[in-house]
1. Would you point out which residue out of Asp39, Asp48, Asp83 is part of a helix (DSSP H, G or I), at pLDDT 95 or above and either among the charged types (D, E, K, R) or surrounded by fewer than 16 Cβ atoms within 10 Å (Cβ to Cβ) (or both)?
2. Quick one: in the range 1-19, of everything that is assigned to a loop (DSSP other than H, G, I, E, B) and touching a strand residue (DSSP E or B) at 6+ places or on another chain (Cβ under 8 Å), which residue is nearest to Leu143 (Cα to Cα)?
3. Of the residues in the range 137-164, how many are of a type in the set (Val, Ile, Thr) and either buried (at least 24 other Cβ atoms within 10 Å of the Cβ) or within 22 Å of the chain's Cα centre (by Cα) (or both)?
4. Restricting to the range 164-190, count the residues that are part of a loop (DSSP other than H, G, I, E, B) and farther than 19 Å from Ala145 by Cβ.
5. Can you name the residue in the range 5-17 that is in contact (Cβ under 8 Å) with a residue 24 or more places away in the chain and not small (Gly, Ala, Ser) and, of all such residues, is surrounded by the most Cβ atoms within 10 Å (Cβ to Cβ)?
6. Scan the range 112-158 for residues that are farther than 16 Å from Gly238 by Cβ and charged (D, E, K, R) and jot them down.
7. For Ala155, work out the one condition from (1) in a strand (DSSP E or B); (2) closer than 29 Å to Asp20 by Cβ it doesn't fulfil.
8. Quick test of your reading of the structure: Arg29 fulfils all but one of (1) touching a helix residue (DSSP H, G or I) at 6+ places or on another chain (Cβ under 6 Å); (2) free of Cβ contacts under 8 Å to residues at least 24 places away in the same chain; (3) among the charged types (D, E, K, R). Name the failing condition by number.
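The values are calculated or read from the model by the stated rules, or taken from the named source; none is laboratory data. In this text the structure is predicted, and so the values were computed from the model without any measurement. As a convention, Cβ positions derive from the backbone with ideal geometry for all residues, glycine included, and neighbour counts pool all protein chains shown.
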Amino acid sequence: MVSMASSRALGTGVRVGVSDDAALEIADRVVAGWLRDIDIACSRFRDDSEIWRVNRGGGAPVVVSPLCLLAVRTALQVAASTDGLVDPTVGASMERIGYDRDFAAIVEGDETPRGSAATGWRSVEVDERSGTVRVPDGVHLDLGASAKALAADRAAQDAAAATGVGVLVSLGGDIAVAGPAPEGGWVIRVTDDHDAPLDAPGQTVSISAGGLATSSTAVRRWRRGQMQMHHIVDPRTGLPAVTRLRTVSVVAASCVDANAASTAAIILGDGAAAWLSARELPARIVDTAGHVDHLGGWPQDGETAGSRDA
């Protein structure tokens with residue numbers, strides 16, 4: 001029997017599901033441990049985190065833990081696979097637009113921010129032998145998207161190994177599953193906002209392996225001067241992506257891969273469908289008018305009121 005536990009961590013909602021309710025306590029404990037570890041390694045909002053030290057290293061190599069090294073390496077792999085569209089060196093851009101603290105504590109301002117292209121992911125140096133990360137002075141890493149997806153993947157895998165049952169880990173819009181799935185797969189409600197009520201416009205789908213990620217410009221929004229901000233920054237401009245897309249959901253072999261693709265698609269805007277199709281990734285795209293497009297074998301059925309096929 002499928003059982004779920006809910007909590008909050010990393011500034012988002014957390015859900016842990018198991019295919020056997022007797023395993024829920026162990027799985028939840030494994031996931032909680034992963035989230036604690038990824039937070040202290042990768043949070044740019046904590047002055048005791050490893051990424052905080054890297055970002056303030058003055059251009060010198062900084063010794064970090066194996067987990068932080070893995071997270072940075074994963075972010076660089078994501079950048080390479082998306083041709084730099086998802087770039088971890090947007091941290092300073094995030095700070096300029098006001099996303100310099102946990103989202104719940106963001107303060108809206110009167111000054112309209114000016115954009116500046118990110119330095120670029122190729123400027124980041126990872127030395128596996130010495131266990132160090134170096135960024136140029138003034139460059140700040142933001143691992144928020146890829147590190148959260150990495151945590152979902154690894155936590156699901158470790159929880160499944162610890163319990164011997166199927167496990168689902170949902171961190172906001174990032175979902176990973178591992179182990180034997182329940183009959184019919186894991187049933188997932190796809191909407192603009194993972195906290196949306198059950199009757200909100202969206203679609204019900206199921207997955208049995210890998211990951212599903214949803215990126216959206218409809219949540220995590222605030223104002224700065226004359227500009228409406230959201231949390232997906234285009235590294236080419238250093239400002240929130242200007243896009244006609246509201247939400248992109250992608251299924252892939254891992255949550256990291258799914259998140260990379262959904263985020264890149266939001267930034268690409270009109271070019272998203274062709275980019276996703278070239279990679280043969282199942283995807284659901286919703287534009288700002290509410291029109292829905294299903295790509296790459298994403299199921300057509302299960303849509304509810306408020307959205308329709310384009």
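1. The unique qualifying residue is Asp39.
2. Going residue by residue through the range 1-19, those that are assigned to a loop (DSSP other than H, G, I, E, B) are 1-2, 10-11, 19.
With the extra rule that they be touching a strand residue (DSSP E or B) at 6+ places or on another chain (Cβ under 8 Å), the set shrinks to 2, 10, 19.
Details: Val2: 32, Leu10: 12, Ser19: 31 Å.
Among residues in the range 1-19 that are assigned to a loop (DSSP other than H, G, I, E, B) and touching a strand residue (DSSP E or B) at 6+ places or on another chain (Cβ under 8 Å), the one nearest to Leu143 (Cα to Cα) is Leu10.
3. Counting residues in the range 137-164 that are of a type in the set (Val, Ile, Thr) and either buried (at least 24 other Cβ atoms within 10 Å of the Cβ) or within 22 Å of the chain's Cα centre (by Cα) (or both) gives 1.
4. Within the range 164-190, the first condition is being part of a loop (DSSP other than H, G, I, E, B), and the residues that meet it are 164-166, 172-173, 179-185.
Retained after the next criterion (residues that are farther than 19 Å from Ala145 by Cβ): 164-166, 179-185.
Result for the range 164-190: 10.
5. For the range 5-17, the residue satisfying everything is Val16.
6. Hits for the range 112-158 are Arg122, Glu125, Asp127, Glu128, Arg129, Arg134, Asp137, Lys148, Asp153, Arg154, Asp158.
7. Of (1) in a strand (DSSP E or B); (2) closer than 29 Å to Asp20 by Cβ, only one is false for Ala155: (1).
8. Tallying (1) touching a helix residue (DSSP H, G or I) at 6+ places or on another chain (Cβ under 6 Å); (2) free of Cβ contacts under 8 Å to residues at least 24 places away in the same chain; (3) among the charged types (D, E, K, R), Arg29 fails exactly one: (1).
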